[in-house]
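FYI, it's all coordinate maths here, none of it is from the lab. Every value quoted in this text rests on a predicted model; they were computed, and no experiment measured them. Note that we place each Cβ from the backbone using ideal geometry, even for glycine, and neighbour counts take in every protein chain shown.
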Amino acid sequence: MNRSIAVVVLALFVTACAPGFDATPDPTTTTRPASIDQAAADLAAARAAWASVGSADYTYEFHNDCGECDPAARSPRRIAVLDGKVLTVDDGDGLPTVEEVFGDIEHAITAGRDVEVVYDATTGYPTDVQIDMDQRPVDGGTHWIFEELTALNPIGSTAELREARRLWESQQLDDYQFLMRVECDCLEDGTFDVKVVDDRVFEVVRLDHPAGPSNVTPVTISRTFDDLEEWFTDTQTLVDEGILEVDVRVDPIMGYPRWVYLRAQNIDNAAADLFTAVVTMDLVAAFDPGDSPTVPDDGDLASLRQARNLWESRDTKNYSYTLTIHCM
């Protein structure tokens, strides 16, 4: 029922340009600048580092920064790559894998295009890619940003699921917060900020359409484990709920399910088409319901100065980050 694969999570911002560039050299280029040779060497080193990770299976968050395209096309999505192929509810047409992005960078270098890439120092994946498609400013080209690369473990048996649950329970977290993303071609999609207190859902805030209703009801991680174990051990439950396939990936450090894939059918309408659903859960942090903003004091100022000194000691001038704003 479940395939043994390793998964990594990354976030991706990408333009509307489809993977695969014309590698025909620019006729205006008469010599090969040293920067091109350096770019090719950096690419080779990054590819070797990425290959050492040895994973064809991972997930990432996808943002389509496509300029003037339909705003709906720019909505962030959580994408899974399994066996080197993008797997989504709509088959992921046009969404690139890390390997395809490496290929696009190589083609652009071969064509003599302006290429600026920042690679992760440990695993080699491209954290920031800018490709000038026709020697115009980069807004006429391609821009990718990759973030939050995280390895995940496959779950292929009930024993592995229970071991993951023991790992999660060993964290002794009854109060925590996670982001839940649901992608489905049957129910309403959605992104939810979920707070859990005393192992009960304390608050759910829908982030994509805060004012709209939703058919999705987020549950605690413990309840998610209960459902998964029942699906793994009770075939009749699967039949009763119309579930034909379940695929799970868990966090190797915390043990909780980070990615769940379901293929099912509508049990109330046997003639209805099959549907698929992908649920992603990303733990944000331990949540303290008593932790509310207070009047700043000398202790807050000392902590701020200590954090600022630490940041400045790293002398980081070039970086990227994701900003999430919660506003009431």
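Give me the distance in nm between label points sitting 7 Å out from Cα along the Cα-to-Cβ direction at S52 and D234, one decimal.
4.7
Quick one: which residues, 5 or more positions from V284 or on another chain, have an amide H under 5 Å from its amide H? H modelled 1.01 Å from N in the peptide plane, none for Pro or chain starts.
Q177, F178, L179
Can you tell me the FRET efficiency between S222 and D300 if r is taken as the Cβ-Cβ distance and R0 is 30 Å, rounded to the nearest 0.05? Kindly include the intermediate steps, with their values, before the conclusion.
Working: r = 35 Å, r/R0 = 1.15.
Efficiency, rounded to the nearest 0.05: 0.30.
So what's the net charge close to V118: Lys and Arg +1, Asp and Glu -1, counting the other residues with Cβ under 10 Å from its Cβ?
-4
Would you grab the residues whose amide H sits under 5 Å from the one on L244? Only those 5+ places off in sequence or on another chain, please, with H modelled 1.01 Å from N.
Residues meeting the criterion, in which the H sits 1.01 Å from N, are R263, A264, Q265.
Could you sort 111-124, 214-227 so that the peptide with the highest average Cβ count within 10 Å comes first and the rest follow in order? Don't jump to the answer; show the numbers that get you there.
Numbers: 111-124: 18.0, 214-227: 16.3.
Order by mean packing, descending: 111-124, 214-227.
Among residues other than P257 whose Cβ falls under 12 Å from its Cβ, what is the net charge (Lys/Arg +1, Asp/Glu -1)?
Details: positive: R165, R223, R249, R258; negative: E160, D226, D227, E229, D247, D251, D282.
Around P257, the surrounding residues sum to -3.
Classify segment 201-266: rounded, prolate or oblate, from the alpha-carbon gyration tensor (a ≥ b ≥ c, eigenvalue square roots; a/c under 1.5 rounded; otherwise prolate if a/b is larger than b/c)?
Numbers: a/c = 2.09, a/b = 1.32, b/c = 1.59.
Because a/c hits 1.5 or more and a/b fails to exceed b/c, segment 201-266 counts as oblate.
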